[in-house]
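Have a look at the structure below before the remarks.
The values are calculated or read from the model by the stated rules, or taken from the named source; none is laboratory data. What you see is a predicted model; the values in this text were computed from it and never measured. Note that we place each Cβ from the backbone using ideal geometry, even for glycine, and neighbour counts take in every protein chain shown. Note: areas computed on protein heavy atoms with side chains; ligands, DNA, RNA excluded. Shrake-Rupley method; radii C 1.70, N 1.55, O 1.52, S 1.80 Å.
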Amino acid sequence: VQLVESGGGLVQAGGSMRLSCAASGIDFSIYAMAWFRQAPGKEREFVAGISWSGGYSNYADSAKGRFTISRDNTKNTAYLQMNSLAPEDTADYYCAADLWGAGERHIGDYDDWGQGTQVTVSS
């Protein structure tokens, strides 16, 4: 299983960024996908998740109304569209996969992880 994140970088506060997570080695269509993030000195936290079917999505309070998770099963890729970014969104962002999952926020549900992509939001 390989999950590869991309799309991170530096953005000004108020800007937007789209992260991608390309999956290989799995039947992507039966895996829930999620995004987590980890800021320096803090624990990894849930950001957003989407069920294997794409019919259910789940967001952390900090992400609601600003971030949108989606998936394209034809491309084996999950996305996180982030709008109205703020300095507190600065973190390493990780995608994760959960077989037959619902995209819930429990970190222990996810068996497979990417290496992360860094997002820095300047004020």
### Query
Any idea what diffusion coefficient the range 1-89 gets from Stokes-Einstein, in µm²/s, Kirkwood Rh on alpha carbon pairs, 20 °C, 1.002 mPa s?
158 µm²/s
## Note on the structure
Here the range 2-10 yields Karplus 3J(HN,Hα) values (6.51, -1.76, 1.60; θ = phi - 60°; whole Hz; Gly and Pro given as x) of 9, 10, 10, 8, 8, x, x, x, 10
### Task
For the range 70-75, take each phi angle, set θ = phi - 60°, evaluate the Karplus expression 6.51 cos²θ - 1.76 cosθ + 1.60, and give the result in whole Hz per residue in order, putting x for glycine and proline.
8, 8, 10, 5, 6, 10
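Tally Lys/Arg at +1 and Asp/Glu at -1 over every other residue whose Cβ is under 14 Å from the Cβ of Gly25; what's the total? Working shown, then result.
Numbers: positive: none; negative: Asp27, Asp111, Asp112.
Its environment carries a net charge of -3.
In square angstrom, what is the accessible area per residue of the range 10-111 with a 1.4 angstrom probe?
Details: 4900 Å² over 102 residues.
Value returned for the range 10-111: 48 Å² of accessible area per residue.
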### Summary
antiparallel share of DSSP beta bridges within the chain, to nearest 5, in %, is 90 percent
### Query
In whole Hz, what ³J(HN,Hα) sequence does the range 51-61 give by Karplus (6.51, -1.76, 1.60; θ = phi - 60°), x for Gly and Pro?
5, 4, 7, x, x, 9, 10, 9, 10, 5, 4
## Note on the structure
Here, the range 59-123 modelled as identical Cα point scatterers in vacuum has Debye log10 I(q)/I(0) at q = 0.26 Å⁻¹ of -1.42
